[in-house]
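**Q** Pasting a structure below so you can have a look.
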Amino acid sequence: MTHSFRSSTTVSSIDPGKPHLILVGLPGAGKSTVGALLSERLQRTFLDFDAELERREGMPVSQIFGERGEAGFRLLEKGLTEELTQFGNMILSPGGGWVSDPAVVALLRPPAIMVYLRLRPEAALQRLGGSSAGRPLLNRPDPLAELKKLFELRRSAYQSADIEIGAELLTAQQVTDQIVTKLGTLPPAPIGAPPPAAA
Ligand code: S3P
């Protein structure tokens, strides 16, 4: 099947019969780094939403926000998500606000498996170098206050993930290892499975 997604690693088949794996969490949680590592480890195609949207629009996310507002950016995210319903078996790294609209999440999940990389807003900001550069929602006088606000708004959506990893004290490699281990403990995806035989 042909597709127009940019991928940072060797592409395996984008098998529509298998669920995607979606990494969620605050900016700075390590979604892009862990996504690339997972992609190599599991030989699955990786898609970083922000990078893909920047490529398509020919401008950085901050400029998309500037020209079209957050609503315009969310529409682009939604459009990309809709496209991904045609594919499967990918590692997806949407921006931290992708979980905000349950209808968008529901486009992919179920059957997609959602993995939450958990860390406190304070740690997230530290990882971002204390700076909000390139992240329009944090480009405010008090980025920590903004991150805390976003975290409160998104907390329950993040926590609805199938797998939660306490990412704060771990390296990206350790987070990747934990995800792989926990994936092995999940029950098999029910999608496409035949109904249980009657007793
Ligand atoms: C956003 C997070 C960003 C990017 C945009 C909005 C958010 O992605 O999508 O600036 O709403 O939290 P990262 O989570 O990769 O920083």
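All of the numbers you see were taken from the coordinates with simple rules; none came from a lab. This structure is a prediction, so every number in the text was calculated from the model and none was measured. Ideal geometry is used to build each Cβ from the backbone, glycine not excepted, and the neighbour counts take in all protein chains shown.
**Q** Using alpha carbon centroids, what distance separates region 74-120 and region 121-167, in Å?
**A** Spelled out, the Cα-based centre of one part sits 17 Å from the other.
**Q** In addition: Pulled fully out, how much extra length does the chain show between residue 145 and residue 40, if you take 0.36 nm times their separation in residues and subtract their Cα-Cα distance?
**A** Value of the extension gain: 34.2 nm.
**Q** Would you mind getting me the FRET efficiency between residue 70 and residue 169? Use the beta-carbon distance for r and R0 = 25 Å, nearest 0.05.
**A** 0.20
**Q** Additional query: Using the 2.2 N^0.38 Å rule of thumb for compact globular proteins, work out how region 104-160 stacks up: its C-alpha Rg over that value, please.
**A** Here the Cα radius of gyration is 1.29 times the empirical estimate.
**Q** Using 7 Å Cα-to-Cβ label points, what is the residue 186/residue 107 separation (nm, one decimal)?
**A** 2.0 nm
**Q** Output the pairs from 31/149; 31/78; 18/78; 31/148; 148/182 with a Cα-Cα distance over 24 Å in this structure; if there are none, say none.
**A** The answer is 148/182.
**Q** In addition: Exposure proxy check: 31, 182 ranked by fewest other beta carbons within 10 Å?
**A** By the 10 Å Cβ count, ascending, the order reads 182, 31.
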